[in-house]
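The values are calculated or read from the model by the stated rules, or taken from the named source; none is laboratory data. In this text the structure is predicted, and so the values were computed from the model without any measurement. Methodologically, a virtual Cβ is constructed for each residue, glycine included, from the backbone with ideal geometry; neighbour enumeration extends over all protein chains shown. For the accessible areas, the whole protein counts, side chains as well, though only heavy atoms, and no ligand, DNA or RNA atoms are used. Shrake-Rupley method; radii C 1.70, N 1.55, O 1.52, S 1.80 Å.
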Amino acid sequence: MSAQTGFELFPDRTVVALRVNGELRDKATTVTEADTVEAVTIESQDGLSILRHSTAHVAAQAVQSINPEAKLGIGPPITDGFYYDFDVETPFTLDELKAIEKEMERIIRSGQRFVRRVVTEAEARAEFAGEPYKLELIGLKGHETGTAQFESSEAVEVGGSELTVYDNVDSASGETVWKDLCRGPHLPNTGAIRNGFALMRVAAAYWRGSEKNKQLQRIYGTAWPSKEELRAYQTRLEEAAKRDHRKLGQELDLFSFPEEIGSGLAVFHPKGGIIRAEIENYMRQRLIAYDYELVNTPHITKAHLYEISGHLQWYKEGMFPPMHLDEEVDAEGNVVKQGQDYYLKPMNCPMHNLIFRARGRSYRELPLRLAEFGTVYRYEKSGVLAGLTRVRGLTQDDAHIYVTPEQVKGEIASQLDFVLETLRGYGLDDFYLELSTRDPEKSVGTDEAWEEATATLRQVALESGLDLVDDPGGAAFYGPKISVQARDAIGRTWQLSTVQLDFNQPELFELRYAAADGTQQQPVMIHRALLGSIERFFAILLEHYAGAFPVWLSPVQVVGIPVAEEYADYLGELVARLKGEGVRAQLDSSDDRMQKKIRTHTQQKVPFMLIAGEQDRAAGTVSFRFRDGRQENGLAIEEAVRRIHDSITTKVQV
């Protein structure tokens, strides 16, 4: 074919951009028959990102149209939406957001074209002389597009090895009415945004994520190909708000974050403690069934341990500051014994390596699977703390498996089976896999070891039959990983289990085992976290079930409600029997009326309520009421007991 633009190749308006030789380009791009060209539709993931980034530009244009003194930060697409940062004198108000939306509607209706042009650094600095944050971004030019370092930095707004500006050109006059420094690509014109957008909220954000920089105002928004899809998204948000684990945790009296203890440090109340114990107990059963050995390690350690492992080199910013201990001084203040730095542990793996190294090991012991519910501490910035999903003190269901090189593939496949089977036991069953690969700027070990480890993980992941998505540069510094992504009851995706290969720590800790030929060989190490952390998994399950846990996880499984006080003894005997058989049962002998008792325990998500009056006492029956309002009257006591036990042992939802 002769040279053609994307508009000529793909006249369909649902095609909003091109992928040319593997790179995203504007639809106006000219291509030849030597190019490999794919259409990018607005419904695709790339198309949605382009839609949202273009909407971010329109939002910024609207802000500066209303407030010309506003200075521009950055406006990238994010999951389900976008944001744009502004330096303004006063925070945005709700009324201002409405005015900005109205101005965005005008810009969208005008059908301004997004036009890309390449500029020199001098030209860019001249054009954006009044935009201090854009001038700073211009200095980031030169990173290679596509690298993990580039994609994770604000340089994504600039344009790789060249600087590019996107002009918003009036469709009637041909005049540029607004412009932004940006890599793109963008929609052909603002009209393609249509009416599937909304501004959501405002937050404060430090420029480039550093507390050392000025705090800007961040406008969050969302954009979808149609109004119907926008409404469906807003409905999902409403449902997610109802399920927010922080809200449910308070309503159901499960956990709290006392100010006296500190940010990101949770305490679990009695009901939350029961749920947490059940989560852990089931996990322990699974560990024993899969030949794990349970270990326990301290919460603090000397700094040298994390110097060996590399964490002080690669992870120090995520660790709490050291405690300098054991120093001794004489009466004159002279140091007679040097002290040492101790750290709260952020990871369990170095201590597990010491357990492996504590005595000689034989190949006959491998695979050696060490597991621990190990509490670790990570110094998360206060701005990213979020209930139980992002905390500073967390308990990992951590495991480290030591294998011979020949056992690697089989063990990883076995661990993946173990992970998926166990997660299904908690009621999660919609999964896909993600493969995180090496970040060359933040990793240790040889290219060959990384390539071998990555290829092995990819093969196991593909053989699982689950969908596999790549996460370039997302691996930890010591090895690639497979992560299990689970979808909850309302379709949100959560990263849960991880299986990581590590050829490096065994070398750093000089781990050895006696091989069959009598030589000393280095084992391969597999890091396996199934739940991620107990705290985060607790939050995920709480939101997944909207607080209405399956009977086996419910803190109170049965409540006895007498119709009148005279029937309390009758139900009390049944409650006592159930408690003796291990059921978490209670008798509500309060002075509240029966209907109020039913309403109270329904709001507390109790699975079963056993109600009894004169007719039940005479017949040896109960009314069996479910938390959704269903009720069966005149159920024999033995049948009621059987149903309760069956629902617990089979882990069903009721």
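Data for the structure
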| quantity | calculated |
| --- | --- |
| Electrostatic dipole magnitude of the range 522-654 [Cβ: Lys, Arg +1; Asp, Glu -1; Cα centre; debye, to 20] | 620 |
| Per residue accessible area in Å² of the chain, where ligands, DNA and RNA are left out and the probe is 1.4 Å | 47 |
| Rounded if a/c under 1.5, otherwise prolate or oblate - the range 153-291, Cα gyration tensor axes | prolate |
| Cα centre as origin, Lys/Arg/Asp/Glu Cβ charges: the range 347-415 dipole, Debye | 200 |
| The range 571-654: relative contact order in percent, alpha carbon pairs under 8 Å with at least 6 residues between | 19 |
| Fraction in percent of alpha-carbon pairs per bin - 5 Å, the range 481-573 | 3, 10, 12, 11, 10, 9, 8, 8, 8, 7, 4, 3, 3, 3, 1, 0 |
| Debye equation applied to the C-alpha atoms of the range 461-511, log10 I(q)/I(0) at 0.14, 0.18, 0.21 Å⁻¹ | -0.49, -0.72, -0.87 |
| Mean projected area (nm²) of the alpha-carbon convex hull when the range 300-347 is viewed from all directions | 3.6 |
| Alpha carbon Rg of the range 421-468, scaled by the compact-globule rule 2.2 N^0.38 Å | 1.47 |
| The range 470-489 residues near the modelled Tyr282 label - backbone nitrogen below 13 Å, point 7 Å along Cα→Cβ | none |
| When the convex hull of its Cα atoms is projected in every direction, mean area for the range 265-342 (nm²) | 9.3 |
| Crossing angle, helix 637-649 versus the chain [Cα axis fit, 0-90 degrees, rounded to tens] | 40 |
| Protection proxy ranking of 418-426, 522-530 - average other beta-carbon atoms within 10 Å, highest first | 522-530, 418-426 |
| Dipole-positive endmost among Leu587, Gly547, Tyr570 within the range 547-654 (Cβ charges, Cα centre) | Gly547 |
| Largest-first principal axis extents, alpha carbons of the chain, Å | 89, 71, 68 |
| Over the range 324-446: Rg over Rh, Cα atoms, Kirkwood Rh | 1.08 |
| Partners for Lys651 among lysines (Cα-Cα distance below 28 Å; same-chain residues under 8 apart left out) | Lys242, Lys247, Lys271, Lys579, Lys597, Lys605 |
| Cα→Cβ-extended label distance, 7 Å offset, between Glu380 and Glu566, nm | 5.6 |
| From phi via Karplus (6.51, -1.76, 1.60), per-residue ³J(HN,Hα) for the range 325-340 in Hz, x at Gly/Pro | 10, 6, 6, 10, 10, 8, 4, 8, x, 7, 6, 9, 9, 5, x, 9 |
| Fully extended contour minus Cα-Cα distance, from Gln250 to Glu463, at 0.36 nm per residue | 72.4 nm |
| Between 0 and 90°, nearest 10: helix 270-289 axis offset from the chain longest Cα axis | 90 |
| In range of the label at Ala514: residues from the range 332-376 whose backbone nitrogen is under 18 Å from the point 7 Å along Cα→Cβ | 356-368 |
| Against the rule of thumb 2.2 N^0.38 Å, how large the Cα Rg of the range 1-40 comes out | 0.99 |
| Lysines whose Cα lies under 29 Å from that of Lys214, excluding same-chain neighbours fewer than 8 positions away | Lys71, Lys98, Lys102, Lys134, Lys141, Lys179, Lys316, Lys381, Lys442 |
| Hydrodynamic radius of the range 427-545 per Kirkwood, over alpha carbon pairs, in Å | 15.8 |
| With Cα atoms, 0 to 90° folded angle of helix 94-110 axis to the chain main axis | 50 |
| The range 217-244-the range 158-208 distance, computed between alpha-carbon centres (Å) | 21 |
| Relative contact order of the chain, defined on C-alpha pairs under 8 angstrom at six or more residues apart (%) | 9 |
| Listed residues Ile611, Phe624, Thr600: farthest to the positive end of the dipole of the range 556-654 (Cβ charges) | Thr600 |
| 10 Å-binned pair-distance histogram of the range 364-419 (Cα, whole percent) | 19, 35, 24, 19, 3 |
| Paramagnetic reach from Lys212 (point 7 Å along Cα→Cβ, amide N under 18 Å) across the range 317-355 | 317-319 |
| Student exercise, the chain dipole from Lys, Arg, Asp, Glu Cβ charges, in Debye to nearest 20 | 1240 |
| Estimated inter-spin distance, Arg642 and Asp471, nm [label 7 Å along Cα→Cβ] | 4.7 |
| Stretchable slack from Lys596 to Ser226, in nm (0.36 nm times residue separation minus alpha-carbon distance) | 128.7 nm |
| Fully extended contour minus Cα-Cα distance, from Asp95 to Glu451, at 0.36 nm per residue | 122.7 nm |
| The range 295-370: GluC sites (Glu not before Pro) in DSSP coil with no more than 12 other Cβ atoms inside 10 Å | Glu327, Glu332 |
| Part-to-part distance (alpha-carbon centres) for the range 110-128 and the range 381-456, which is given in Å | 43 |
| Debye log10 I(q)/I(0) for the range 360-508, one point scatterer per Cα, at q = 0.12 Å⁻¹ | -0.57 |
| Dipole of the range 175-332 [Lys/Arg +1, Asp/Glu -1 at C-beta], most positive-end residue of Ile288, Pro225, Gly264 | Pro225 |
| Percent of Cα-Cα distances greater than 17 Å, calculated over the range 600-654 | 39 |
| Förster radius 35 Å - calculated FRET efficiency between Ala489 and Glu441 (Cβ-Cβ, nearest 0.05) | 0.35 |
| Cα-based convex hull, the range 485-639, per residue volume (Å³, whole number) | 186 |
| Approximate spin-label separation Gln45-Glu317, in nm, with each point projected 7 Å along Cα-to-Cβ | 2.6 |
